[in-house]
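Chemist: Let me begin by handing over the structure; questions about it come next.
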2 protein chains.
Amino acid sequence: MPPTYDVVIAGGGVAGLAAAWRTVRRGLSVAVADPAPGGGATHASAGMLAPVSEVTYTEEPLLRLGLASLAAWPGFRAELEDESGVELDYRTEGTLEVARGADDMAYLDDLAAFERTLGLRVERLTGRECRSFEPMLAPSVRGGLLARDDAWVNPRRVVRALLTAFEKAGGTLVAGRVSGIDASATGGPSVRLTSGEAVAAGQVVVAAGSWSASLLPGLPVRPVKGEILRLRGPEGFLTRCVRGLVHGSPAYLVPRGDGEITLGATVQELGYDARVTAGGVYELLRDARELVPGITELELAETTVGFRPGTPDNLPLIGPAGPPGVFAATGHGRNGVLLSPITADAVAALLTGDEPPPVTGACDPGRFSE
Amino acid sequence: MPPTYDVVIAGGGVAGLAAAWRTVRRGLSVAVADPAPGGGATHASAGMLAPVSEVTYTEEPLLRLGLASLAAWPGFRAELEDESGVELDYRTEGTLEVARGADDMAYLDDLAAFERTLGLRVERLTGRECRSFEPMLAPSVRGGLLARDDAWVNPRRVVRALLTAFEKAGGTLVAGRVSGIDASATGGPSVRLTSGEAVAAGQVVVAAGSWSASLLPGLPVRPVKGEILRLRGPEGFLTRCVRGLVHGSPAYLVPRGDGEITLGATVQELGYDARVTAGGVYELLRDARELVPGITELELAETTVGFRPGTPDNLPLIGPAGPPGVFAATGHGRNGVLLSPITADAVAALLTGDEPPPVTGACDPGRFSE
């Protein structure tokens with residue numbers, strides 16, 4: 001019996017959908033199985049495309065991956081908007097990373113030097129200059145960096161665009177959850193849905209975020225809880241992403257074209273604790289308020305919990321995993337939206353027998369067992 | 001044409017429903033018009049029955065009214081639970097009012113002396129004693145008062161009980177909003193509903209909270225915005241109401257039998273601004289956290305905005321208002337749940353030609369025009 005689809009992708013978050021879209025465009029028949037596409041970590045995500053700010057100096061492979069994907073974003077965006085007709089709210093005004101004390105400023109100066117070695121454009125600003133760019137910044141801001149190459153995007157629009165483009169290109173969305181993968185002697189694996197239905201596929205991609213280990217036992221991915229808030233304010237309240245260290249943890253405010261501001265994010269190793277907590281909301285508001293005091297007047301429109309798919313080395317898991325014909329595309333941690341273009345290119349190449357981009361070689365899911 | 005009902009009550013919050021229940025039990029036919037009973041200020045309310053803590057020393061008429069209504073609560077509760085079969089989560093473990101500094105403690109000592117002159121039972125506690133009663137209290141609590149006569153109740157259950165008892169006793173709920181009151185030459189006023197329907201009544205009671213002035217132009221009632229939070233924790237996290245002054249404003253935590261804790265409340269003169277604000281939520285969490293640090297671990301289950309019906313002297317408006325046969329029962333400010341029994345007794349007496357309780361004489365809606 002021939003398989004129903006060339007490829008079944010288990011999970012319709014930003015990584016799975018991007019891979020599905022890129023693969024269906026190569027002429028394969030592709031189904032994405034997800035009861036609520038974009039409802040997982042992508043739904044919580046702020047959508048910053050800021051690889052340098054998001055990593056530590058020691059994580060060079062992740063940094064290279066992020067920079068490669070950032071470079072792919074303009075083309076990815078143009079094609080996606082063109083094919084879907086959905087505007088992504090892709091913005092390129094840059095990130096303003098602010099300092100409130102001398103220690104903070106020294107840290108930013110080091111960061112700027114590092115960013116310049118990577119060829120990124122970074123400008124050192126005084127506190128006054130920061131406030132001239134963003135008048136809502138706190139008077140306590142004494143300086144900052146403007147990272148002009150940072151961009152950001154509305155992840156929920158990206159999901160909508162990917163769904164549209166994927167289906168327009170002939171892809172199939174299956175509104176069910178994959179509960180297991182069965183190897184078969186002939187014709188590749190098949191997936192079982194929680195409804196009991198089985199779907200035969202030539203190849204399977206597990207892109208189920210932090211839940212991926214339930215489909216590929218032993219896959220080193222775990223949930224990293226994040227709480228994130230969405231405020232609603234007047235358009236133009238902020239015009240750039242604003243970041244800063246407050247009480248030792250990074251806080252960020254990401255403005256959208258419609259006046260929404262995403263405030264993030266807590267990072268907690270608490271398994272699948274889906275509760276929005278009083279303490280999480282308190283800390284996010286407290287920290288954001290120290291950077292931009294005027295947020296207190298804005299509406300608190302949404303509180304969300306998401307589970308980032310974390311891995312031991314913070315690099316994603318992209319490549320063959322489990323039985324023959326089964327691949328993983330998960331473990332993107334905080335960087336799922338940023339890394340979607342490069343992930344999609346790698347997955348589409350693997351599924352069609354091409355060479356994936358060399359920079360994704362560091363993401364082999366088998367690297368921990370070697 | 002005879003009126004459809006002896007009495008139509010415009011508004012099914014706790015005051016209107018209590019008055020309706022007490023009136024229908026006197027043998028009158030009564031309709032309550034409200035598209036969403038209990039959905040206004042009552043829905044936000046914490047349900048504290050603590051007249052002394054809630055008023056200032058200078059508001060003696062309000063204090064006497066509150067004490068009279070507090071005294072009526074045990075009987076009101078027993079009858080209401082009996083007739084409705086709904087358990088109100090009425091609790092009498094008392095309020096623990098805590099002090100964090102010497103100034104706070106001096107204020108509480110004055111309050112205790114005042115409470116004793118009113119015949120209320122108040123105990124002075126050390127910080128250690130406070131924490132032995134409520135182990136979750138902050139180490140910074142240096143003393144407090146246990147007000148044993150304070151009680152509290154779940155306002156949403158009170159609404160459910162009143163609706164049940166009212167309908168069981170033969171009352172009618174009309175699921176529509178009253179948009180106007182028309183005087184007529186014969187047989188009393190009638191009300192217009194937003195649907196266009198007119199309902200003739202022998203008498204009309206306006207119990208529409210802060211919206212009452214739209215039905216009785218010139219009635220001195222205005223919306224006083226409040227934001228309030230509901231947390232969800234383990235049962236027994238707190239066993240008493242906990243109050244305290246934090247950053248100069250009173251904060252309270254009201255525990256329910258099911259582990260819910262109500263955190264209140266902001267007070268703002270902003271008209272009908274129904275937005276939950278980042279600043280309101282921040283301040284409530286910040287202040288509650290200073291009294292009971294462990295709340296940070298609890299789920300933030302609900303954020304609610306309500307509009308207290310405020311009056312110039314903080315006393316309610318109970319009595320004849322507007323055209324003949326029209327009465328007001330509104331303006332209860334922060335005290336709607338506390339004052340429901342005495343309000344209900346007064347309204348039922350007025351509607352049946354009896355004398356209302358003398359203590360409600362201070363609530364004549366015409367007092368400001370004299």
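Chemist: Expressed in nm to one decimal, what extension gain is obtained for the pair A:Ala106 and A:Gln268 from 0.36 nm per residue of sequence separation less their Cα-Cα distance?
Modeler: 55.6 nm
Chemist: Would you work out the charge dipole size for the protein assembly as shown about its Cα centre, treating the Cβ of every Lys and Arg as +1 and the Cβ of every Asp and Glu as -1, and quote it to the nearest 20 debye?
Modeler: Taking the Cα centre of the protein assembly as shown as origin, the dipole is about 340 debye.
Chemist: Determine the residues within the range A:297-317 where the difference in accessible area between the chain on its own and the full set of protein chains amounts to at least 40 Å²; count protein heavy atoms only and use a 1.4 Å probe.
Modeler: When all protein chains are present, A:Glu299, A:Leu300 each give up 40 Å² or more of accessible surface.
Chemist: Next up: Show me you know the interface measure: the accessible area buried between A and B, both chains summed, probe 1.4 Å, in Å² to the nearest 100.
Modeler: The contact between B and A buries close to 1500 Å².
Chemist: A further question on this structure: For every other residue with a beta carbon closer than 13 angstrom to the beta carbon of A:Arg22, add +1 if it is Lys or Arg and -1 if Asp or Glu, then tell me the sum.
Modeler: Value of the local net charge: -2.
Chemist: Then there is this: Ordered by residue, what ³J(HN,Hα) values in Hz, to whole numbers, does the range B:3-13 give under the Karplus form 6.51 cos²θ - 1.76 cosθ + 1.60, where θ = phi - 60° and Gly and Pro are x?
Modeler: Those phi angles translate into x, 5, 9, 4, 9, 10, 10, 8, x, x, x Hz.
Chemist: What residue among A:Pro155, A:Leu137, A:Leu67 has its Cα farthest toward the positive end of the dipole of the range A:61-165, where the charges are +1 on Lys, Arg and -1 on Asp, Glu, each on the Cβ?
Modeler: Of the listed residues, the answer is A:Leu137.
Chemist: Let me ask something additional. Identify the GluC sites (Glu not before Pro) of the range B:214-310 meeting these criteria: DSSP loop state and at most 10 other C-beta atoms within 10 Å of the C-beta.
Modeler: B:Glu269
Chemist: Here's something else I'd like to know. Using a 1.4 angstrom probe on the protein heavy atoms only, could you order A:Phe166, A:Phe307 from most to least accessible area?
Modeler: A:Phe307, A:Phe166
Chemist: For A:Thr56, place a label point 7 Å out from Cα along the Cα→Cβ vector, do the same in each other copy, and report the separations in nm, one decimal, smallest first.
Modeler: Here A:Thr56 shows inter-copy label distances of 5.4 nm.
Chemist: Treating only the Cβ atoms of Lys and Arg (+1) and Asp and Glu (-1) as charged, compute the dipole magnitude of chain B about its Cα centre; round to the nearest 20 debye.
Modeler: 320
Chemist: Related question: What is the distance, in nm, between label points placed 7 Å from the Cα along the Cα-to-Cβ direction at B:Asp258 and at B:Glu129?
Modeler: 3.5
Chemist: Mind ranking A:Tyr282, B:Tyr272 by accessible surface for me, highest first, 1.4 Å probe?
Modeler: Result, largest first: B:Tyr272, A:Tyr282.
Chemist: Shortest first, in nm, what separates the label point of A:Thr194 from those of the same position in the other copies (7 Å along Cα→Cβ)?
Modeler: In nanometres, ordered from closest: 3.8.
Chemist: Tally Lys and Arg at +1 and Asp and Glu at -1 over the other residues with C-beta under 13 Å from the C-beta of A:Gly176: what net charge comes out?
Modeler: The answer is 0.
Chemist: Another one. Using a probe of 1.4 angstrom, how much of the accessible area of the protein assembly as shown is carbon and sulfur, in percent?
Modeler: 52
Chemist: In a shell of Cβ-Cβ distance under 14 Å around A:Val205, excluding A:Val205 itself, what net charge do Lys and Arg (+1) and Asp and Glu (-1) give?
Modeler: -1
Chemist: If you don't mind, there's one more thing I want to ask. Using a Förster distance of 30 Å, how high is the FRET efficiency between B:Glu87 and B:Ala183, based on the Cβ-Cβ distance and rounded to 0.05?
Modeler: 0.10
Chemist: About its Cα centre, how strong a charge dipole does the range A:18-76 have in debye, to the nearest 20, once Lys and Arg get +1 and Asp and Glu get -1 at the Cβ?
Modeler: The calculation lands at about 340 debye.
Chemist: Give the separation of the Cα centroids, the range B:15-92 to the range B:101-117, in Å.
Modeler: One Cα centre to the other: 28 Å.
Chemist: Okay, moving on. Just counting partner chain Cβ atoms within 10 Å, what average do the residues of peptide A:268-278 show around their Cβ?
Modeler: Taking the mean over all residues of the peptide, I get 3.
Chemist: Among A:Trp21, A:Thr304, B:Leu291, whose Cα sits farthest toward the positive end of the charge dipole of the protein assembly as shown (+1 at Cβ of Lys/Arg, -1 at Cβ of Asp/Glu, about the Cα centre)?
Modeler: Of the candidates, A:Trp21 comes out farthest on the positive side.
Chemist: May I ask you to derive the relative contact order of chain B, considering only C-alpha pairs under 8 Å and at least 6 residues apart, and to give it as an integer percent?
Modeler: 24
Chemist: Moving on. Defining the label point at 7 Å along Cα→Cβ, can you sort the distances from B:Gln268 to the same site in each other copy, shortest first, in nm?
Modeler: In nanometres, ordered from closest: 2.6.
Chemist: Which residue, chosen from A:Ala321, A:Ala113, A:Val86, occupies the Cα position most advanced towards the positive end of the dipole of chain A, where the dipole is computed from +1 (Lys, Arg) and -1 (Asp, Glu) charges on Cβ about the Cα centre?
Modeler: Selected residue: A:Val86.
Chemist: For the protein assembly as shown, with every protein chain kept in place, what is the accessible area per residue (1.4 Å probe, Å²)?
Modeler: Here the per-residue accessible area is 38 Å².
Chemist: Still on this model: Any residues in the range A:230-249 that have 10 Å² or more less accessible area with all protein chains than in their chain alone, probe 1.4 Å, and which are they?
Modeler: Flagged in the range A:230-249: nothing.
Chemist: For A:Trp211, what accessible area in Å² do you get when you roll a 1.4 Å probe over the heavy atoms of the protein chains, rounding to the nearest 10?
Modeler: Its accessible surface works out to 120 Å², give or take rounding.
The values are calculated or read from the model by the stated rules, or taken from the named source; none is laboratory data. Keep in mind that what you see is a predicted model, and the values were worked out from it rather than measured. FYI the Cβ positions are ideal-geometry reconstructions off the backbone, even for glycines, and counts take in every protein chain you see. When the accessible area is computed, the model is the full protein with side chains, heavy atoms only, and any ligands, DNA or RNA have been set aside. Shrake-Rupley method; radii C 1.70, N 1.55, O 1.52, S 1.80 Å.
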